[in-house]
Amino acid sequence: MTQVPPPFDPELAAALEAIKDMISPSLTSEEIEAVRTGPGIQLLGELDLTDGGFFEVEDRAVPGPEGAPDISLLICRPAAEPAAGPRPVIYYVHGGGMVLGTNRVGVDGPLAWARELDAVVVSVEYRLAPEHPHPAPVEDVYAGLLWTAEHADEITGDPERIVIAGASAGGGLCAALALLTRDRKGPQPIGQFLQCPMLDDRNDTPSSYQMAGLGIWDRTSNETGWTALLGEARGGPDVPAYAAPARAEDLTGLPPAFLDVGSAETFRDEVVAYASRLWQAGGVAELHVWPGGFHGFDGFAPQAALSQAARAAQLRWLRRILG
């Protein structure tokens, strides 16, 4: 199935050209280990997470799922005393296609929101596939949310004002987390922020075909990530919604959602479909499809006009949800 891809935004096309030698659109299973130990992940470990002293930063080991190892939470809270009672909490889940990353990946975005909103950021480290297939990642993310809700007062946070947020695989895990905590009657977040989320293991939408070989995460990468998580079950009839939220039959009773995605990326059609199904289930969702955006464009090209517009919309939604 050959389809003409939508064009990239000109500013973003220039950014893609600049990073093309560092990031291939097509990740294979054989390349996972090399990317994990590559310079990109190492650079993230050297970020100044204090933002010049604005945040106090702590790594804390907390109980993982029953019978599993402890998990690490990166906790960043404003160093100043709260101005007016406990702070809202942004519970963040990193991206990386289910196979890459640490709780430092992408956390600069939530830290920027937290500085504006006087919020606490808790970023969870979860076990990665293929060494730890489903349900290990989502169970780790759930365990971290339980700890965060139960111990919010220790970190100047408000357990009644937790937003779950994630990008790419982290967005997919957040969507799964919203389903899981609804069904287990666990902590109820007041919002779910799903940034270019990875939702559907079937990898068969028109956008997945249109963007083959383009951008930074194409059909090949997507198959690599989902197969690592699900093995031979990927694409078959028995994939649970807590692994691939697009499989969920019941989307009622979920917190208000923010979804955004680029028009020129693999995940476009599954994200649009998920937002439509949230509305059809009587839910609240705000959807943005950024014209000419590639996967994760606002992180790779933050100065581009489209990135600035996307970040402004994200912050507006968070401000409204967190009151």
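Couple of notes before you dig in:
- Residue within segment 32-49 that is surrounded by 15 or more Cβ atoms within 10 Å (Cβ to Cβ), closer than 30 Å to Ile190 by Cβ and in contact with a Phe, Trp or Tyr (Cβ under 9 Å, 6 or more places away or on another chain) present: yes
- Residue match in segment 17-29 (condition: more than 22 Å from His134 (Cα to Cα), crowded, with 16+ Cβ neighbours inside 10 Å, modelled with pLDDT of 95 or more and not hydrophobic (A, V, I, L, M, F, W, C)): no
- Residue in segment 196-214 that is surrounded by fewer than 21 Cβ atoms within 10 Å (Cβ to Cβ), over 11 Å from the mean Cα position of the chain (by Cα), among the hydrophobic types (A, V, I, L, M, F, W, C) and within 25 Å of Glu125 (Cβ to Cβ) present: no
- Qualifying position, being part of a helix (DSSP H, G or I), of a type outside the set (D, E, K, R), surrounded by fewer than 19 Cβ atoms within 10 Å (Cβ to Cβ) and out of contact with any Ser or Thr (no Cβ under 8 Å at 6 or more places or on another chain), among Ala112, Ala143: Ala112
- Only one of Leu306, Leu254 that is under 27 Å from Leu180 (Cβ atoms), modelled with pLDDT of 95 or more and in contact with a strand residue (DSSP E or B) (Cβ under 8 Å, 6 or more places away or on another chain): Leu254
- Residues of segment 146-190 satisfying the condition of being more than 18 Å from Gly253 (Cα to Cα), assigned to a helix (DSSP H, G or I) and of a type in the set (S, T, N, Q): Thr148
- Enumeration of residues in segment 249-282 that are surrounded by fewer than 16 Cβ atoms within 10 Å (Cβ to Cβ) and either assigned to a loop (DSSP other than H, G, I, E, B) or aliphatic (A, V, I, L, M) (or both): Glu249, Asp250, Thr252, Gly253, Ala273, Ala281, Gly282
- Enumeration of residues in segment 46-77 that are touching a residue at least 24 places away in the same chain (Cβ under 8 Å), touching a Lys or Arg at 6+ places or on another chain (Cβ under 8 Å) and farther than 26 Å from Leu177 by Cα: Leu47, Asp51, Phe54, Phe55
- Applying the criterion of being charged (D, E, K, R) and not in a strand (DSSP E or B) to the residues of segment 73-105, the residue that is nearest to the chain's Cα centre (by Cα) is Arg104.
- Residues being touching a residue at least 24 places away in the same chain (Cβ under 8 Å), farther than 30 Å from Asp9 by Cα and part of a helix (DSSP H, G or I) - total across segment 208-248: 6
The values are calculated or read from the model by the stated rules, or taken from the named source; none is laboratory data. These numbers were taken from a predicted model, which means no experiment stands behind them. Heads up, the Cβs are rebuilt from the backbone with ideal geometry, glycines too, and the neighbour counts pull from every protein chain shown.
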